[in-house]
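The values are calculated or read from the model by the stated rules, or taken from the named source; none is laboratory data. All values reported here derive from a predicted model rather than from experimental measurement. Every residue, glycine among them, receives a Cβ derived from its backbone with ideal geometry; neighbour counts consider all protein chains shown. Just the protein is used for accessible areas: all its heavy atoms, side chains included, with ligands, DNA and RNA removed. Shrake-Rupley method; radii C 1.70, N 1.55, O 1.52, S 1.80 Å.
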Amino acid sequence: MERDGSMTDSVVMRASDLENWSTGAPDGARVRNAPAGDIEVVDLNAWFGNHRALRDVNLSINGRAVTAIIGPSGCGKSTLVRCLNRMHEEVRGARVEGKVLFDGRDIYAPDVDPVEIRRRIGMVFQRPNPFPTMSVLDNAVAGLKLVGGLSRSELRERGEWALRAAGLWEEVKDRLHEPGARLSGGQQQRLCIARALAVEPEVLLMDEPASALDPASTLRIEELVQELKERYTVVIVTHNMQQAARVSDWTLFMLYGEVVEFGPTSKLFTRPDDQRTEDYVTGRFG
Amino acid sequence: MGASDAPIVEKAGAPARRRGRTRVGDAVFKGMTRIVAFGLVMLLVLMIGVLAADGVRPFREFGWRFLIGRNWNPVAGRQSFGALPFIYGTVVTSTIAIVLAVPVAVGLALLLNEVARGWLANIVAVLVDLLAAIPSVVFGLWGVFVLQPAMDRTIEPFLANTVGKVPLVGPLFRANVSGGFQGGDVFTAGVILAVMIVPIVTAVGREVVSTVPRDLREAALALGSTRFEMVRMAVLPYSRSGIVGASMLGLGRALGETIAVAMVVGNSLGIHVSLFNGGYTIPAVIANEFREASSEGLHKASLLALALILIAIALMFAALSRLLVRRSAALVSGGPAPPATELARLEGAA
Ligand SMILES: Nc1ncnc2c1ncn2[C@@H]1O[C@H](COP(=O)(O)OP(=O)(O)OP(=O)(O)O)[C@@H](O)[C@H]1O
Ligand SMILES: [Mg+2]
């Protein structure tokens, strides 16, 4: 009972936060007339050493919508999202070929700074990874500190905003100065989401953000994704078919590093074009 | 008896036999580790015992004044022994070594593990390891013939003209008591020690840095951090305790280093603010004087007492480092800070 109560509370809280976003709170300059945040993937191939993990992937991800990536383990879902913000190249021996156009510009062009790309395209990992020596608040604003130029009070304000946006504020507002590692797993994951949101990226990549979480935390993250798509382009990798069906507008089904089918979620789950997609979404696969 | 029975019997028998063997193996292993552990402790106790048998005599004679005494005169008839110049020299040279070596070693470890990859990094790594293989007497020779002249002629005058003018730390970098920069001094000894301990601190530092989880590095990078910011944000905080441990290992070596220090430290008794004055360390005085020390009077006993003090200093630093490591380890794991009793125990040991 008590738990239910607190959950609705924080949902209401988040709804009002969203209003604040569009009115520009807290600093009055938050309204963004940004481009739509479309991503166009053209003939993308990715390798780990000699192992080719992505094969000629072509894809257009629509801005301000949720795109789910599904497929069996090892089919290259993580590799694909990591290619979208140039994290793939951080693995030793990893290599990328092809183009990823972000608002029309190739992020793999030689004059593009990966650091800049990663600021604009945020990422949440499968396993919660808050910085263990930093407090909850410091974790939330870690990315902002990198950008610099904000006073302590501004940082705190933005941190609070991000924690509210991630639906974590109510639970941590009295323990902002405790180490982030002391939160529960679900709270840590939402802290990581807050950390990614605080820098106001244009795109949020989520690699199985709920795979290590309980149903309640999973539900919160799904609600959060719904709210986020008003302002962000969200790409979410998931193993959970229901989750993909619930949260996404578009779904991509991959197999052995290749795109099998990409389309509106409702179509992909009810009238897929490809037999393999049908087998997979109905659980008859393999 | 069918052929198919045999494997079944064997299958049933094997685990039991293996378990029996394991139990015997465990007992033997346990016994052996106990013997070795006990033997090591006995060795330490024996060593301290032998040292203490004679080493307590100066304390009996002079009391605490042995620790703070500034005179050391082994000439029969005018004997007088005080340990302070040696304690001072040992602590100061080691401290200089740590202050100079740790930033360099940590920088090297980060450079080799985080930034540079490929053949250049490999060459640097091999060179650093080679440094560890050079015998200390060779370092001493290099110190006497290369480093000390360079120090006397250029480096020390330069430091005196620059850092020497800064308030607070300035007095540490002034001309020595004879008004110049000639002769061996504690600063030169500290620099040699620093060069000698860089390899070990670097090697351990690299191990430490490589234990930082990839998750954390990627968390920092995905936020849009540069490589340097990633190191500051994810790598250094996580490896702080390990770096303290690595430094303490280096400090242990610096405290005990004898021959290279004896060759450049000046072997004089003074205690001065300026680091460009000669000094003396505990290992150096023991190595220099044990041959002439006779059992009559307190000379030999005082040298043994110095050895005891050296052990005490080393243990003190070890305890201090344990304390530091525990504190930051507790931070990293997010667990509670170490309980007060634990701190008290460690402080008691010191
Ligand atoms: N660091 C790596 N080094 C070498 N090969 C890798 C590495 N990471 C992944 N791979 C390989 O690349 C392929 C795609 O991996 P990826 O992690 O993208 O799969 P995934 O679809 O995310 O799987 P999961 O659902 O299990 O997370 C797999 O065959 C995997 O073995
Ligand atoms: Mg994956």
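Report in % the part of the accessible area of the protein assembly as shown that belongs to carbon and sulfur, leaving out ligands and nucleic acids; probe 1.4 Å.
Taking all protein chains in place, the protein assembly as shown shows 61 percent carbon and sulfur surface.
What FRET efficiency comes out for the pair B:Ser178/A:Asp103, r = Cβ-Cβ distance, R0 = 60 Å, nearest 0.05?
Once the sixth-power term is evaluated, E becomes 0.25.
Return the value, in Å² to the nearest 100, of accessible area buried between chains A and B (probe 1.4 Å, both sides summed).
2200 Å²
Give me the inter-chain shielding for B:205-218: mean count of other chain Cβ atoms within 10 Å, whole number please.
The shielding value for this peptide is 2.
Among the GluC sites (Glu not before Pro) within region A:222-286, which fall in a DSSP loop and have no more than 11 other Cβ atoms within 10 Å of their own Cβ?
Listed in order of number, the matching sites are A:Glu230.
Which loop-located trypsin sites (Lys or Arg not before Pro) does region A:90-131 contain, where loop means any DSSP state but H, G, I, E or B and the Cβ has at most 12 other Cβ atoms within 10 Å?
Those satisfying the criteria are A:Arg92.
Based on the mean of other beta carbon atoms within 10 Å per residue, what is the order of A:139-146, A:38-45, B:104-111, most packed first?
Per-residue mean Cβ counts within 10 Å order the peptides as A:139-146, B:104-111, A:38-45.
Between A:Ala68 and residues 5 or more places away or on another chain, which pairs have amide H atoms under 5 Å apart, with H built 1.01 Å from N, and which residues are they?
Counting only residues 5 or more places away or on other chains, the set is A:Ile236, A:Asp249, A:Trp250, A:Thr251, A:Leu252.
Ignoring solvent entirely, what values of log10 I(q)/I(0) come out of the Debye formula for region B:144-193 at 0.21, 0.23 Å⁻¹ when each Cα is a single scatterer?
Here the Debye-derived log intensity ratios amount to -0.70, -0.83.
Can you check what the Kirkwood hydrodynamic radius comes to for chain B, Cα pairs only, in Å to one decimal?
23.9 Å
Treating the Cα atoms of chain A as identical point scatterers in vacuum, please give the log10 of the normalised Debye intensity I(q)/I(0) at q = 0.07, 0.13, 0.15 Å⁻¹, two decimals.
So the normalised log intensities are -0.25, -0.90, -1.18.
Please check chain B for the longest run free of GluC sites (Glu not before Pro) that are loop-located per DSSP (anything but H, G, I, E, B) and have at most 11 other Cβ atoms within 10 Å.
Longest site-free region, per DSSP loop and neighbour criteria: B:1-291.
Quick one: if the Förster radius is 35 Å, what FRET efficiency do B:Ile48 and B:Ile123 give, using the C-beta to C-beta distance and rounding to 0.05?
0.20
Please give me, ordered by residue number, the chymotrypsin sites (Phe, Trp or Tyr not before Pro) of region B:263-298 that lie in loop per DSSP and have at most 14 other Cβ atoms within 10 Å.
Passing both the DSSP loop test and the Cβ count: B:Phe290.
Rank by packing, highest mean first: peptides B:75-81, A:153-159, with packing defined as the count of other Cβ atoms within 10 Å averaged across residues.
Output ranking for B:75-81, A:153-159: A:153-159, B:75-81.
Using only C-alpha positions, report the orientation-averaged shadow area of the convex hull of the protein assembly as shown, nm², one decimal.
Mean orientational projected area (the protein assembly as shown, Cα hull): 43.5 nm².
To check you understand DSSP bridge types, tell me what percent of the beta bridges within the protein assembly as shown (both residues inside) are antiparallel, rounded to 5.
Bridges in the protein assembly as shown that DSSP calls antiparallel: roughly 60 percent.
At a Förster radius of 56 Å, what calculated FRET efficiency corresponds to the Cβ-Cβ distance of B:Val75 and B:Arg153, to the nearest 0.05?
Once the sixth-power term is evaluated, E becomes 0.95.
Counting only residues 5 or more places away or on other chains, whose amide H sits under 5 Å from the amide H of A:Leu54 once H atoms are built in the peptide plane?
Answer set, sorted by chain and number: A:Ala46.
Using θ = phi - 60° and the Karplus relation 6.51 cos²θ - 1.76 cosθ + 1.60, list the HN-Hα couplings for region B:188-195 in order, rounded to whole Hz, with x at every Gly or Pro.
4, 4, x, 5, 4, 4, 4, 4
Could you derive backbone 3J(HN,Hα) for region B:210-217 from the dihedral phi with the Karplus parameters 6.51, -1.76 and 1.60 (θ = phi - 60°), listing whole Hz in sequence and x where the residue is Gly or Pro?
6, 8, 5, x, 5, 3, 6, 4
Would you mind checking B:Lys30/B:Lys300; A:Lys77/A:Lys229; A:Lys77/A:Lys173; A:Lys173/A:Lys229; A:Lys99/A:Lys267 for any pair whose Cα atoms are more than 31 angstrom apart?
Pairs exceeding the cut-off: B:Lys30/B:Lys300; A:Lys77/A:Lys173.
Can you tell me the length gained on complete extension of the stretch B:Val169 to B:Ala133, counting 0.36 nm per residue apart and subtracting the Cα distance?
9.5 nm
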